[in-house]
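Read through the structure below, which is laid out as C-alpha cells, and then see the notes.
All of the numbers you see were taken from the coordinates with simple rules; none came from a lab. Computed from a predicted structure; not experimentally measured. Cβ coordinates were reconstructed from backbone atoms using ideal geometry, including for glycine residues, and neighbour counts include every protein chain displayed.
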Amino acid sequence: MRAPAWIIPVLVVVCTAAGIGGSRLLVAPSLVHTFADAAPTADARTAQMVVEGVKCVDTAERAVAQLNELDGVLKCVAYAARARLDVTYDPARTSAPAIREALEAPVLVPATGEYLFGLYQVVELDGEKIADVDD
Amino acid sequence: MKRLRLIFQLSIVAAAAFAGVRYALGKSLVSVETYCPFGGLETAWSFFTRRRFSCAAGETNLALFIALIVLTILARKAFCGWVCPAGALFEWEAKLARRVFKRRDFSGVWPVPAKVDRALKIGLRIAVLGLVLVATWKTGELVFRGYDPYYIVFSAHGHDVKAWSYLVLAALLGLGLVMPMAWCKYLCPLGAALWPASIAGRLRLARNEHHCTGCGACDKNCPQDLPVSRVKELTSGECTLCLECTAACPTPQALELRWSAVPRPKGKR
Ligand code: SF4
Ligand code: SF4
C-alpha cells in the first residue's frame with residue numbers, strides 16, 4: 001500500500017511524544033536508603049526536594065551521606081535523572097529546613113580531609129521553588 | 001520533505017547544544033542525557049531486574065527507548081535520519097566531504113566490499129553494543145559517555161569527557177571523511193540495537209521497474225550508500241527513510257514509499 005512521505009515525520013513526532021508522555025509509567029528510583037536507626041513512626045513526613053548536585057547514583061549516595069548525622073531522618077529515595085530526593089523524616093525530631101541545611105553543608109572528602117562547599121543546593125521543596133538553579 | 005527533515009535535524013541539534021551549554025553553566029538541571037534513548041537501553045537491565053535506574057539514567061530514557069523500538073518497527077531507522085543529532089552531524093560531514101572532494105557518491109575513498117560491509121555492520125556494531133551493555137550493567141555507570149560522539153559534542157565538556165574523548169571524536173570525524181557515516185554504519189551501538197526492528201520495519205521504499213530508467217541517481221545520493229537502484233523493495237535495516245533518494249530521482253513514481261504488510265522477501269539487501 002502506498003504511503004505518503006509526511007507519515008515519516010508524523011510517526012517520529014507521535015512516537016517521541018508517546019515516549020515522553022509514557023515515561024511516568026516507568027518511574028523508579030536510582031537509590032533507596034533506609035537509615036540505620038530509623039525507628040518507625042506513624043507521623044513520618046516526606047519532603048520532596050529537587051537538589052542541584054544530585055546528578056547520578058554516586059552523587060545521590062554522597063547527598064544521602066550528608067543526612068547520616070541528622071537525627072530523625074528515616075529514609076531517602078533518589079531519582080537522579082530528575083535531581084530529586086524524597087526524604088522521609090520524623091517531624092518530632094527534625095524538619096525540612098534542617099534537612100535542607102544538612103544537605104547544603106560542606107561535604108567532607110575522607111581521602112583528603114578537605115571540605116567541598118556548595119556541592120548541593122536545594123532548589124525546590126515540596127513543589128515550591130526556593131532558589132534558582134544557578135544561585 | 002528534504003527541507004522539513006533539515007528543519008527537524010537543525011532544531012534538534014540546536015536544542016541539544018542549548019541544553020548542554022545551559023546544564024554545563026549550571027542554569028538547568030536537564031542534561032543532554034535526559035532525552036537519550038540509548039541511556040534507556042543501558043539502564044534496562046537494572047530497571048527490569050532491580051527496579052532501579054543506573055547512574056544518571058531515568059524513566060524518560062527508558063520510555064524513549066521503548067518508543068524508539070515502536071518507531072523503528074513502523075518507520076525503520078527514521079530516528080537516525082530525522083532525530084539523532086550525532087547522525088545529523090555525521091551526515092552533514094559526509095555531504096560536505098562529498099562536495100569538497102567532488103565524489104560521485106557516498107562510498108568514500110575505499111568502497112567497502114558488500115560482504116565486508118555486512119560483516120562490519122553486524123559483527124562490529126554488535127560487539128560494540130555488547131561491550132557497552134556488559135560494562136554498564138557490571139559497573140552501574142554509563143561508561144560509554146566518554147566515547148559517545150553525541151555526548152562529547154553536546155554535553156559541553158560534561159562529566160566523563162576527558163582529553164582522550166576529543167581524540168576519539170577527532171578520529172571518528174577523520175574516519176567519516178574517508179568512510180562516510182562510518183560511526184553510524186559500523187560503530188553506533190544504538191544502530192546495532194535498532195537493526196533487528198529496522199529489518200522488520202513496515203515503511204519501505206519500493207522501486208517501480210516500469211518507471212525506473214536505471215540512472216543510479218538514487219544510489220549516488222543515499223548517505224547510507226545503499227543499492228537502491230538494484231532492488232525492487234528496499235528492506236535493508238540501514239535505511240533511515242531520509243528520502244534523499246526520492247528527492248534525487250528524476251523520474252516521478254520510480255521510487256515510492258510503501259506500507260508493507262507482507263513478510264520480508266528473502267535475499268534482499
Ligand atoms: S535508501 Fe533512500 S531513504 Fe533509505 S537511507 Fe538511502 S537515501 Fe535515505
Ligand atoms: S534515481 Fe530513480 S530512475 Fe534513477 S535508478 Fe534510482 S529509482 Fe531508477
(request) Using the structure shown, list the pairs from B:115/B:185; B:185/B:220; B:77/B:102; B:95/B:232; B:121/B:162 with a Cα-Cα distance above 19 Å, or answer none. (result) B:77/B:102; B:95/B:232; B:121/B:162
(message) Could you derive backbone 3J(HN,Hα) for the range B:102-109 from the dihedral phi with the Karplus parameters 6.51, -1.76 and 1.60 (θ = phi - 60°), listing whole Hz in sequence and x where the residue is Gly or Pro?
(response) 6, 8, 7, 8, 9, 7, x, 5
(request) With θ set to phi - 60°, apply the Karplus curve 6.51 cos²θ - 1.76 cosθ + 1.60 along the range A:102-116 and write out the HN-Hα couplings as whole Hz, x wherever there is a Gly or Pro. (result) 5, 5, 8, 5, x, 9, 7, 9, x, 4, 10, x, 8, 10, 9
(message) Using the Cα centre of the range B:155-252 as origin and beta-carbon charges of +1 (Lys, Arg) and -1 (Asp, Glu), tell me which of B:169, B:211, B:239 is placed farthest towards the positive end of the dipole.
(response) B:211
(request) Output the peptides B:221-227, B:62-68 sorted from most to least packed, where packing is the average of other Cβ atoms within 10 Å over each peptide's residues. (result) B:62-68, B:221-227
(request) Enter the mean number of other protein chain beta carbons within 10 Å of the beta carbon of each residue in B:48-60, as an integer. (result) 6
(request) Among B:62, B:182, B:39, flag the residue with its Cα farthest along the positive direction of the charge dipole of the protein assembly as shown, charges on Cβ as +1 for Lys/Arg and -1 for Asp/Glu. (result) B:182
(request) For n ≥ 4 DSSP H runs only, could you compute -39500 (n - 2.57) per run for chain B, divide by its residues and tell me the 222 nm figure to the nearest 500? (result) -15500 deg cm²/dmol
(message) Rounding to the nearest 10 and keeping the result within 0 to 90°, find how far the Cα-based axis of helix A:7-22 lies from the longest principal axis of chain A.
(response) 20 degrees
(request) Report, in debye and to the nearest 20, how large the dipole of the protein assembly as shown comes out about its Cα centre when Lys and Arg carry +1 and Asp and Glu carry -1 on their Cβ. (result) 2940 debye
(request) Using only Cα atoms, tell me the angle between helix B:125-139 and the longest principal axis of chain B; keep it within 0 to 90° and round to the nearest 10. (result) 10 degrees
(message) Taking amide H atoms as placed 1.01 Å from N in the peptide plane, list the residues 5 or more away in sequence, or in a different chain, whose amide H sits under 5 Å from that of residue A:75.
(response) A:35, A:88
(request) Would you grab the residues whose amide H sits under 5 Å from the one on residue B:233? Only those 5+ places off in sequence or on another chain, please, with H modelled 1.01 Å from N. (result) B:207
(message) What distance in nm lies between label points placed 7 Å from Cα along the C-beta direction at residue B:101 and residue B:115?
(response) 2.5 nm
(message) Please list, in order along the range B:15-31, the HN-Hα scalar couplings obtained from phi with the Karplus expression 6.51 cos²θ - 1.76 cosθ + 1.60 (θ = phi - 60°), rounded to whole Hz, x for Gly and Pro.
(response) 5, 5, 5, 4, 4, x, 5, 4, 5, 5, 7, x, 8, 8, 9, 9, 9
(message) Tell me the Kirkwood radius of the protein assembly as shown: reciprocal of the mean inverse pair distance over distinct alpha-carbon atoms, in Å.
(response) 23.2 Å
(message) If amide hydrogens are placed 1.01 Å from N in the peptide plane, which non-local residues have theirs closer than 5 Å to the one on residue A:123?
(response) A:50, A:51, A:52
(message) Averaged across B:70-78, how many Cβ atoms of other chains sit within 10 Å of each residue's Cβ atom?
(response) 4
(message) Suppose we look only past 16 Å in the calculated P(r) of the range B:1-65. What percent of the Cα-Cα pairs does that tail hold?
(response) 56 percent
(request) Treating the angle as unsigned and between 0 and 90°, give the value, to the nearest 10°, between the Cα long axis of helix B:59-75 and the longest Cα principal axis of chain B. (result) 10 degrees
(message) Averaged over its residues, how many other protein chain Cβ atoms are within 10 Å of peptide A:66-75's Cβ atoms?
(response) 0
